[in-house]
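Student: Mind looking over this structure? Questions follow.
The values are calculated or read from the model by the stated rules, or taken from the named source; none is laboratory data. None of these values were measured; they are calculated from a predicted model. Here the Cβ is made from the backbone with ideal geometry for all residues, glycine too, and neighbour counts use every protein chain on show. Please note that ligands, DNA and RNA were not included when accessible areas were found on the heavy atoms of the full protein model with its side chains. Shrake-Rupley method; radii C 1.70, N 1.55, O 1.52, S 1.80 Å.
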Amino acid sequence: MSRRREPSRGRSWWRRFRPGPSLEDPGERWAAEILRPLSREEADCDVVSRVMARIAAGGGEPQSAAVSPPPHRLAWVSSLTLACASLAFLVSALLLLVTGGDEGVRQIVGVGLSCWHVVGVFGRVAADFGSRLLEVVLPILRALWVLLEIAAPFLRGAGLLAAAGGVASIAFSAYVFASARKTAPRVNFQGGIR
């Protein structure tokens, strides 16, 4: 007895359940029979007369479509409106508290006016101190400026003298270095004296 299955049985069993194209072409006659009901159908494609009738009924003016604004514009407008409304509410509440005679608001307004008065007094004191300081310092600054104008030629001469002293110092150092080099023992690269 053989355990091998016959391949023809497996293929025929599988072909029963597998959808697929048939091997035979049905031909043009079959396609014509299938499409015959569609050829009897009629479609009314004349839309021009209907569109023109709608335009005439609308008065001849094109109707503007209601376009909604973009969402970001709507968000900006709504946030700006809410901000203005909240500011108006805050200002009206403060005005009602001030005019209504609330004791806490009166004290806050009194403290604010006192602070403004203190700032004004300190400003006047600082201005007076600055003017007195300038009265003392300005003549000293003018005298120093005059002294600098008078001493400018002397300062230029002193600058030239200092520059000459610097050149003489460099020349003296170069002379000392050159004479020390002549009298110094010669040394080779290995560290020995020649």
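Student: Where does the charge balance sit around residue 110 when Lys and Arg score +1, Asp and Glu -1, over other residues with C-beta under 13 Å from its C-beta?
Tutor: With Lys, Arg at +1 and Asp, Glu at -1, the net is -1.
Student: Can you work out D for the stretch 68-144 in µm² s⁻¹ from Stokes-Einstein, where Rh is the Kirkwood radius over C-alpha pairs, the temperature is 4 °C and the viscosity is 1.567 mPa s?
Tutor: 73
Student: Could you work out what % of the accessible surface of the stretch 78-159 is carbon and sulfur, using a 1.4 angstrom probe and leaving DNA, RNA and ligands out of the count?
Tutor: 78
Student: Here's a follow-up. Could you check the spin-label model distance between residue 176 and residue 29? Points 7 Å from the Cα along Cα→Cβ, value in nm.
Tutor: 13.1
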